1. Hey, does the stretch 20-39 have a residue that's closer than 16 Å to T89 by Cα, at pLDDT 90 or above and not hydroxyl-bearing (S, T, Y)?
2. If S76 passes every condition in (1) exposed (fewer than 12 other Cβ atoms within 10 Å of the Cβ); (2) over 21 Å from A95 (Cβ atoms); (3) over 14 Å from the mean Cα position of the chain (by Cα) but one, which one does it miss?
3. What number goes with the only condition from (1) modelled with pLDDT under 90; (2) in a loop (DSSP other than H, G, I, E, B) that T68 does not pass?
4. Would you confirm, using the coordinates I've provided, whether F10 is part of a strand (DSSP E or B) and loosely packed, with under 15 Cβ neighbours inside 10 Å?
5. In the stretch 13-57, how many are assigned to a strand (DSSP E or B) and under 17 Å from F71 (Cβ atoms)?
6. Can you confirm whether E59 is among the acidic types (D, E), at pLDDT below 95 and more than 13 Å from the chain's Cα centre (by Cα)?
7. Could you please find all residues in the stretch 50-92 being out of contact with any strand residue (DSSP E or B) (no Cβ under 8 Å at 6 or more places or on another chain) and of a type in the set (F, W, Y)?
Amino acid sequence: MTHCVEIIAFTIRPERLAEFAAIKSQVASEARQLPGLITSTTQHSLVSRGDFVDIMVWESQRAAVAGTAAFERLPSAPAFMAMMASPPTFQGRFAWSAGDEVLRLRSDEKVQ
């Protein structure tokens, strides 16, 4: 089965970073109820303190499209979006199938 990986980048305003953790937990809790969402993670930039990416795995591209629209109706979405310095940047949707090869580096290896 092919799943859909969705990547969205966003920047939180510096003055809102302290409250970001609390609202992000609430958003994540609400988002777990979105139909077709398998998992979601938020990663922070090692270069710029307020930059983040959300990486979501959906059951299908159709579920990803519907889930993105449903996300905007989550109770915590308006407060979360208000913390952003600008609208989030949609990076794309990518196919992923169970069994796809994943590049894994040992902890002592460096990315060139």
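The values are calculated or read from the model by the stated rules, or taken from the named source; none is laboratory data. All figures in this text were calculated on a predicted structure; none of them were measured in a lab. All Cβ positions, even for glycine, are placed from backbone atoms using ideal geometry, and neighbour counts span all protein chains on display.
1. So the first thing to find is which residues in the stretch 20-39 are closer than 16 Å to T89 by Cα, and the list is none.
No; the residues of the stretch 20-39 include none that is closer than 16 Å to T89 by Cα, at pLDDT 90 or above and not hydroxyl-bearing (S, T, Y).
2. (1)
3. That leaves (2) as the condition not met.
4. Answer is no for this residue.
5. So the count comes out to 12.
6. yes
7. F71, F80
Here is a yes/no grid of residues against (1) of a type in the set (D, E, K, R); (2) surrounded by 15 or more Cβ atoms within 10 Å (Cβ to Cβ); (3) touching a strand residue (DSSP E or B) at 6+ places or on another chain (Cβ under 9 Å):
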position	(1), (2), (3)
H3	no, yes, yes
E6	yes, yes, yes
F20	no, yes, yes
I23	no, yes, no
S29	no, no, no
L37	no, yes, yes
S48	no, no, yes
